[in-house]
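Have a look at the structure below, then the notes.
The values are calculated or read from the model by the stated rules, or taken from the named source; none is laboratory data. Keep in mind the model is a prediction, meaning the values are calculated, not measured. For neighbour counting, all protein chains shown are included, and Cβ atoms are generated from backbone atoms with ideal geometry for every residue, glycine included.
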């Protein structure tokens, strides 16, 4: 939690957009959720996502991963704890059910989603590890609860924005790991080319400039502050 929280603080410090923090299972039981929500709200996050797996969790998409879920009542306690802890009523608590990932089916997923909405979840996130979006789309069509739906179409990229909009109940889409994967892809490709070319003379022109890195770091402000305060 400490490492993740520090990254959230760093991101909030550099970005004016609302930040959604995925805090997995809340790092333990309902008492841990209380502490986590206190810290993440104080750090500047606009929302947290908490899922109904047991702690410690295994990621949803890993092959053969352990996908054990909490009892519904226990997870309701976590949602209630998060709601009771937040200071700002605009701070969003998103309840994520892994019922489809665990192979428990749509009926169980709907049951859990309804229970979490009853416990006060502002939004419901439903996920699947199927390679097509059929399972998730069926859930969304069947959902009649008051909480809007959040989707994470990592495993089924054909679920594009137009298709999601047509479902009518989805209010947030999270592209959870694409920035990380793009960064790794870019780094691997750059160093592959450097090794193949025997230097940076070809790859250099395809990379962002050092000046762009300085711009992202706010170097103009640093230089301005140097002139103003370094005497």
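Looking only at region 5-31, filter to residues that are part of a helix (DSSP H, G or I) and touching a helix residue (DSSP H, G or I) at 6+ places or on another chain (Cβ under 9 Å); which one of those is nearest to residue 98 (Cα to Cα)?
Per the criteria, the residue is 30.
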message: Of everything in region 32-59, what is over 16 Å from the mean Cα position of the chain (by Cα) and assigned to a strand (DSSP E or B)? Give them in sequence order.
response: none
- prompt: Just to be sure, is residue 87 free of Cβ contacts under 8 Å to residues at least 40 places away in the same chain and surrounded by fewer than 18 Cβ atoms within 10 Å (Cβ to Cβ)?
  reply: no
- prompt: Among the listed residues 124, 194, 200, which satisfies the condition of being modelled with pLDDT of 95 or more and assigned to a helix (DSSP H, G or I)?
  reply: 194
statement: Filtering region 103-135 down to residues that are over 29 Å from residue 85 (Cα atoms) and touching a residue at least 24 places away in the same chain (Cβ under 8 Å) yields 103, 104, 106, 128, 129, 130, 131, 132, 133, 135
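How many residues does region 150-172 contain that are under 17 Å from the mean Cα position of the chain (by Cα) and more than 19 Å from residue 59 (Cβ to Cβ)?
Residues meeting the conditions: 3.
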- prompt: Before we move on, is residue 189 surrounded by 11 or more Cβ atoms within 10 Å (Cβ to Cβ), in contact with a helix residue (DSSP H, G or I) (Cβ under 9 Å, 6 or more places away or on another chain) and farther than 25 Å from residue 131 by Cα?
  reply: yes
task: Select, from 107, 129, the only residue that is closer than 29 Å to residue 181 by Cα and either part of a loop (DSSP other than H, G, I, E, B) or modelled with pLDDT of 95 or more (or both).
output: 129
- request: Of all residues in region 173-191, count the ones that are part of a helix (DSSP H, G or I) and under 30 Å from residue 140 (Cβ atoms).
  value: 5
